[in-house]
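Peer 1: One structure, pasted below without further comment.
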Amino acid sequence: MPSLVAAAFEAPYLDYAALAPEIVLTGVLLAVLVVDLFVDEDRKAVVAQLAGVGLLASLLPVVFLAVDGDDRSMFSGAYVVDDFALVFKALFLVSGYVVLLMSTDHIEEGDYWKGEYSFLLLSSLLGMVVMSSARDLLTIFVALELLSIPAYMLAGWRKRDLRSNEAALKYYLLGVLSSAVMLYGMSLVFGATGTTVLEDIARELGGDASEPLVALGIFFIVVGFAFKVSAVPFHFWAPDTYEGAPLPVTAFLSVASKAAGFVALLELIFMGFFGQDNVWQPLFWVLAVLTMTVGNLVALRQTNIVRLLAYSSVAQAGYMLVPFAVGGSSDEAAGTAQTAVIVYLLIYAAMNLGAFAIVMTVARRTRSGEISSYGGLFTYAPGLTVLMTIFVFSLAGIPPFGGWFAKFYIFKSAVDAGTGWALALAVVAGVNSVIALFYYAGVAREMWMQPVPGDDRTPIRVPPALGAALGITAVAVMAIGVYPQAFARLGDLAQLAVR
Amino acid sequence: MKALTTLIAMSGFLREYLTVLVFGAAAVAMVGAMLGAGSLLRPKRAQLQKYISYESGVDPVGTGWSQSQIRYYLFGLLFVMFEVETVFIFPWAVRLEDLGLFGLVEMVVFIAILALGLLYAWRKGVLRWM
Amino acid sequence: MYLNQFLFLAAFLFCVGVYGVLARKNAVLVLMSIELILNAVNINLVAFGLFRESVAGQVFALFVIAVAAAEVGVGLAIVILIYRNRHSIDLTEVDMMKG
């Protein structure tokens, strides 16, 4: 029997500066839990404020670490704080803050469990922040569960609403199944390499032809994450969950949770399995084509704005899968592919959160999710209409808004790769962008040109928190449109070192 | 050659299981002998009450399938959560001296966070039987 | 080593679990099928850990056990919520919205 008893214990090196964002966030979420227990029912707003201040406080160490600029590695390479990690930590914390702003009025008016809501949102964010630094199968798994389990509960937050129940159940069952399948893949990869650290896995696997064990392991892991990022054919939970869950939670799931899935995929594919591109490249090719096409075609037929945004976010995930399908041929291709995904994720977060913030604002008055209820929005809410137009055109990828720039990078990665398969994929993505234009423009046409339903022109009151969320996202989308170079620089900086 | 060594290794593996098999057979034989002897020796007087399943002296009510109180679920859940967390405490406990102060501090942090969970359950009235 | 015996057991459990998830209509039975998959993972991890002489496999298995308990806790809570609202946990009836 081999001996499994370790040699004398040596305390691992803990870089507390590098861990500061996580430590602050953990402290804040525990404080939120305790404060909520001892605060009277009518002063619960304090809890949400504490959570918001705490989120901004944990953003501070991220900024300091970025200024400092050193790469810090712990636990023999399992936990790394580099530019990639910092960019995504910042993205998750900021989008978490925006979601918190969006939730303030929604949760208060619904008489929900306010303290627990903030606590679970922060827990999920902690999982995402950990995910950005995870460079190890076990850490990725724990981070994924930490971000998913609170999200299951948040999806079912309206306890008496059957739709919310259904949203939670579907999300939960498919989420748990996908992480079980992913774990089975991880166990096979661990068996083939004898290590869980991605760097060592890459070294063990090398660029050799894949063993069946490794190929199967990678296949299961990619399928598991395909569920998380709602790629077709593993997307069917997404529209139902998005429609049934409370709106701020839907925004959170479609942006932050999806981004976390892509972060994990970037780490696994470009750090761990890069040499095995003959396994994952075809897989991502099929996933990307199906996801873009099905997402866009089904979105064409939607009459409910939330379901439209749900299918549009499925299609957007398809665009983000394109660089994965072309990034395996060389180190340069991998670099371009990573930049494309990172830039797309940053821009997508801003424009999608913005679109959901508008939907929430309008739904406060119309109490309806139908696209027809947006008829003539311009005549009584011109500001909101202009913002929504910017967001949907940005999602459609029309210049000069941020989304155009994101799409440009996707195409660039495919064209730079230059293979026949990559060019074919670029053509599919191009056709899909044109299809997408129809339904995005349909929303704009409804707002600008259609008559007001019921001729009810009372102006829409925008609560301050929701207004702040709208402001942040709008400024982000505009800034990206005007200064795209700054964002490209960010995407270049944040590339993971391939092998 | 490889197949042969595998076979030998297999037989070693199976031999270990033979012990288990013999042990199991002995156990079955012993219990069977005792129960058999008992049924031969004891007097048989059939009464209806003797066929009712034993439930600590109380007459059983209803069928075998009955729904348990929803409150048991909360206790069960709480129990499972805290019990499962001990899988992280056991490895620390068996190597307590090796891990030293570092291990102690980490474990105190871990247990403190768990204790907050218990505090939450207590404040929410989960621990009180209503 | 007799690694493949463990792997076959794990693969069998995995297949039974996936079949259960796809074929069962009762939410609790689906949860139990998912547990089977997770146990297949644990068997794999421990067997590979022994085979590779790496303690990481066992550590990974411990984490899987703990996280699975948390998952099941949340899952049962959701199932109970649905049972309270509609007095049934038949998954085919939970279809107000069609994907």
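The values are calculated or read from the model by the stated rules, or taken from the named source; none is laboratory data. Bear in mind that the values here come from a model prediction, so they are computed numbers and not experimental data. Every residue, glycine among them, receives a Cβ derived from its backbone with ideal geometry; neighbour counts consider all protein chains shown.
Okay, residues lined up against (1) in a helix (DSSP H, G or I); (2) at the interface with chain A (Cβ under 9 Å from one of its Cβ atoms); (3) among the hydroxyl-bearing types (Ser, Thr, Tyr):
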site	(1), (2), (3)
C:GLN5	yes, no, no
C:GLY20	yes, no, no
C:VAL28	yes, no, no
C:ALA40	yes, yes, no
C:LEU45	yes, yes, no
C:VAL59	yes, yes, no
C:LEU76	yes, no, no
C:TYR83	yes, no, yes
C:SER88	no, no, yes
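Peer 1: Checking A:GLN302 against (1) buried (at least 24 other Cβ atoms within 10 Å of the Cβ); (2) touching a Phe, Trp or Tyr at 6+ places or on another chain (Cβ under 9 Å); (3) not basic (Lys, Arg), which test does it fail?
Peer 2: (1)
Peer 1: Please determine, by comparing only the residues of the range A:128-139 that are crowded, with 23+ Cβ neighbours inside 10 Å and in contact with a Ser or Thr (Cβ under 9 Å, 6 or more places away or on another chain), which one is nearest to A:PHE270 (Cα to Cα). Talk me through it step by step, then tell me what you get.
Peer 2: Keep residues of the range A:128-139 that are crowded, with 23+ Cβ neighbours inside 10 Å, which gives A:128-137.
In the following step, the residues that additionally are in contact with a Ser or Thr (Cβ under 9 Å, 6 or more places away or on another chain) were identified as A:128-131, A:133, A:135-137.
On the way: A:MET128: 19, A:VAL129: 19, A:VAL130: 18, A:MET131: 15, A:SER133: 14, A:ARG135: 11, A:ASP136: 13, A:LEU137: 14 Å.
That would be A:ARG135.
Peer 1: A follow-up question, please. Out of the range C:62-71, which residues are more than 7 Å from chain A (Cβ to nearest Cβ) and surrounded by fewer than 21 Cβ atoms within 10 Å (Cβ to Cβ)?
Peer 2: From the range C:62-71, those more than 7 Å from chain A (Cβ to nearest Cβ) are C:62, C:65-66, C:68-69; that's our starting set.
Result: C:LEU62, C:ILE65, C:ALA66, C:ALA69.
Peer 1: Looking at the range A:261-302, which of its residues are among the β-branched types (Val, Ile, Thr) and either in contact with a helix residue (DSSP H, G or I) (Cβ under 7 Å, 6 or more places away or on another chain) or over 30 Å from A:LEU437 (Cβ atoms) (or both)? Please lay out each step first, then the result.
Peer 2: Here is the first cut: in the range A:261-302, the ones among the β-branched types (Val, Ile, Thr) are A:263, A:269, A:279, A:286, A:289, A:291, A:293-294, A:298.
Correct list: A:VAL263, A:ILE269, A:VAL279, A:VAL289, A:THR291, A:THR293, A:VAL298.
Condition check ((1) crowded, with 21+ Cβ neighbours inside 10 Å; (2) within 10 Å of chain C (Cβ to nearest Cβ); (3) in a helix (DSSP H, G or I); (4) among the acidic types (Asp, Glu)) across all residues:
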position: A:PRO150; (1), (2), (3), (4): yes, yes, yes, no
position: A:TRP157; (1), (2), (3), (4): yes, no, no, no
position: A:TYR171; (1), (2), (3), (4): yes, yes, yes, no
position: A:LEU177; (1), (2), (3), (4): yes, yes, yes, no
position: A:ALA180; (1), (2), (3), (4): yes, yes, yes, no
position: A:LEU183; (1), (2), (3), (4): yes, yes, yes, no
position: A:ASP200; (1), (2), (3), (4): no, no, yes, yes
position: A:PHE219; (1), (2), (3), (4): no, no, yes, no
position: A:ALA231; (1), (2), (3), (4): yes, no, no, no
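Peer 1: Counting only residues that are of a type in the set (Lys, Arg) and loosely packed, with under 12 Cβ neighbours inside 10 Å, how many does the range B:106-130 have?
Peer 2: Within the range B:106-130, the subset of a type in the set (Lys, Arg) is B:123-124, B:128.
Still in the running and loosely packed, with under 12 Cβ neighbours inside 10 Å: B:128.
Result for the range B:106-130: 1.
Peer 1: Also, I was wondering about something else. Inspect the range A:251-260 for any residue being surrounded by 24 or more Cβ atoms within 10 Å (Cβ to Cβ) and not in a helix (DSSP H, G or I) and give the result as yes or no.
Peer 2: Among the residues of the range A:251-260, not one is surrounded by 24 or more Cβ atoms within 10 Å (Cβ to Cβ) and not in a helix (DSSP H, G or I), which makes the answer no.
Peer 1: Still on this structure, I have one more. Here is a check on your reading of the model: is A:THR193 of a type in the set (Val, Ile, Thr), within 16 Å of the chain's Cα centre (by Cα) and either within 12 Å of another protein chain (Cβ to nearest Cβ) or farther than 27 Å from A:SER413 by Cα (or both)?
Peer 2: no
Peer 1: Determine, yes or no, whether A:GLY454 is part of a helix (DSSP H, G or I) and at pLDDT below 80.
Peer 2: Numbers: part of a helix (DSSP H, G or I): yes; at pLDDT below 80: yes.
Considered against the rule, which asks whether it is part of a helix (DSSP H, G or I) and at pLDDT below 80, A:GLY454 comes out as yes.
Peer 1: Follow-up. Quick one: which of B:GLY117, B:GLY103 is in contact with a helix residue (DSSP H, G or I) (Cβ under 6 Å, 6 or more places away or on another chain), without any contact (Cβ under 8 Å) to a residue 60 or more places away in the chain and within 14 Å of chain A (Cβ to nearest Cβ)?
Peer 2: Values: B:GLY117 fails: in contact with a helix residue (DSSP H, G or I) (Cβ under 6 Å, 6 or more places away or on another chain).
Just one listed residue meets the conditions, B:GLY103.
Peer 1: Further question: State the number of residues belonging to the range A:159-169 that are within 7 Å of chain C (Cβ to nearest Cβ) and either of a type in the set (Asp, Glu) or touching a Phe, Trp or Tyr at 6+ places or on another chain (Cβ under 8 Å) (or both).
Peer 2: 2
Peer 1: Related question: So if I check each of A:ALA436, A:ALA414, which one is surrounded by 13 or more Cβ atoms within 10 Å (Cβ to Cβ) and under 14 Å from A:VAL392 (Cα atoms)? Talk me through it step by step, then tell me what you get.
Peer 2: Numbers: A:ALA414 fails: under 14 Å from A:VAL392 (Cα atoms).
A:ALA436 is the lone residue from the list that is surrounded by 13 or more Cβ atoms within 10 Å (Cβ to Cβ) and under 14 Å from A:VAL392 (Cα atoms).
Peer 1: Is it the case that some residue within the range A:80-100 is of a type outside the set (A, V, I, L, M, F, W, C) and within 14 Å of another protein chain (Cβ to nearest Cβ)?
Peer 2: Within the range A:80-100, the first condition is being of a type outside the set (A, V, I, L, M, F, W, C), and the residues that meet it are A:82-83, A:89, A:95-97.
Filter once more, so that each one left must be within 14 Å of another protein chain (Cβ to nearest Cβ): none.
Scanning the range A:80-100, I find no residue that is of a type outside the set (A, V, I, L, M, F, W, C) and within 14 Å of another protein chain (Cβ to nearest Cβ), so the answer is no.
Peer 1: Sticking with this structure for a sec: Do you know which of the residues in the range B:74-130 that are part of a helix (DSSP H, G or I) and charged (D, E, K, R) is nearest to the chain's Cα centre (by Cα)?
Peer 2: Step one: list which residues in the range B:74-130 are part of a helix (DSSP H, G or I), which gives B:74-84, B:86-94, B:96-123.
Retained after the next criterion (residues that are charged (D, E, K, R)): B:83, B:97-98, B:106, B:123.
Values: B:GLU83: 12, B:GLU97: 29, B:ASP98: 30, B:GLU106: 29, B:ARG123: 30 Å.
Among residues in the range B:74-130 that are part of a helix (DSSP H, G or I) and charged (D, E, K, R), the one nearest to the chain's Cα centre (by Cα) is B:GLU83.
Peer 1: So how many residues does the range A:348-372 have that are of a type in the set (Ser, Thr, Tyr) and either surrounded by fewer than 18 Cβ atoms within 10 Å (Cβ to Cβ) or in contact with an Asp or Glu (Cβ under 9 Å, 6 or more places away or on another chain) (or both)? Show your work before the answer.
Peer 2: As a first pass, look at the range A:348-372 and keep what is of a type in the set (Ser, Thr, Tyr): A:348, A:361, A:366, A:368, A:372.
Filter once more, so that each one left must be either surrounded by fewer than 18 Cβ atoms within 10 Å (Cβ to Cβ) or in contact with an Asp or Glu (Cβ under 9 Å, 6 or more places away or on another chain) (or both): A:366, A:368, A:372.
Total meeting the criteria: 3.
Peer 1: Can you name every residue in the range A:21-43 that is in contact (Cβ under 8 Å) with a residue 40 or more places away in the chain, surrounded by fewer than 20 Cβ atoms within 10 Å (Cβ to Cβ) and over 15 Å from A:LEU125 (Cβ atoms)?
Peer 2: Scanning the range A:21-43 gives A:VAL35, A:LEU37, A:VAL39.
Peer 1: Just checking, does the range C:24-45 include any residue being over 30 Å from C:ILE82 (Cα atoms) and small (Gly, Ala, Ser)? Break it down stepwise before answering.
Peer 2: Initial filter on the range C:24-45 (over 30 Å from C:ILE82 (Cα atoms)): C:42-45.
Within this subset, residues satisfying the condition of being small (Gly, Ala, Ser) are none.
Checked against the condition, which is being over 30 Å from C:ILE82 (Cα atoms) and small (Gly, Ala, Ser), the range C:24-45 yields no hits at all.
Peer 1: Looking at the range A:69-111, which of the residues that are part of a helix (DSSP H, G or I), touching a residue at least 40 places away in the same chain (Cβ under 8 Å) and among the charged types (D, E, K, R) is surrounded by the most Cβ atoms within 10 Å (Cβ to Cβ)?
Peer 2: A:LYS89
Peer 1: List the residue pairs whose Cβ atoms are under 7 Å apart, where the first residue sits in the range A:467-495 and is touching a residue at least 60 places away in the same chain (Cβ under 8 Å), the second is surrounded by fewer than 15 Cβ atoms within 10 Å (Cβ to Cβ), and the two are 6 or more positions apart or on different chains.
Peer 2: Going by the 7 Å Cβ cut-off, the qualifying pairs are A:GLY481/A:PRO400.
Peer 1: From C:LEU13, C:LEU9, C:LEU36, which residue is in contact with a helix residue (DSSP H, G or I) (Cβ under 9 Å, 6 or more places away or on another chain), free of Cβ contacts under 8 Å to residues at least 24 places away in the same chain and not in a loop (DSSP other than H, G, I, E, B)?
Peer 2: Numbers: C:LEU13 fails: free of Cβ contacts under 8 Å to residues at least 24 places away in the same chain; C:LEU9 fails: free of Cβ contacts under 8 Å to residues at least 24 places away in the same chain.
It is C:LEU36.
Peer 1: Turning to a different aspect of this structure: Considering only residues of the range A:321-335 that are surrounded by fewer than 24 Cβ atoms within 10 Å (Cβ to Cβ) and part of a helix (DSSP H, G or I), which is modelled with the highest pLDDT?
Peer 2: Only one residue tops the list, namely A:GLY335.
Peer 1: Mind counting the residues in the range A:233-248 that are within 14 Å of chain C (Cβ to nearest Cβ) and aliphatic (A, V, I, L, M)? Before the answer, list the steps.
Peer 2: Let us first name the residues in the range A:233-248 that are within 14 Å of chain C (Cβ to nearest Cβ), namely A:233-245.
Remaining after also requiring aliphatic (A, V, I, L, M): A:238, A:245.
The total comes to 2.
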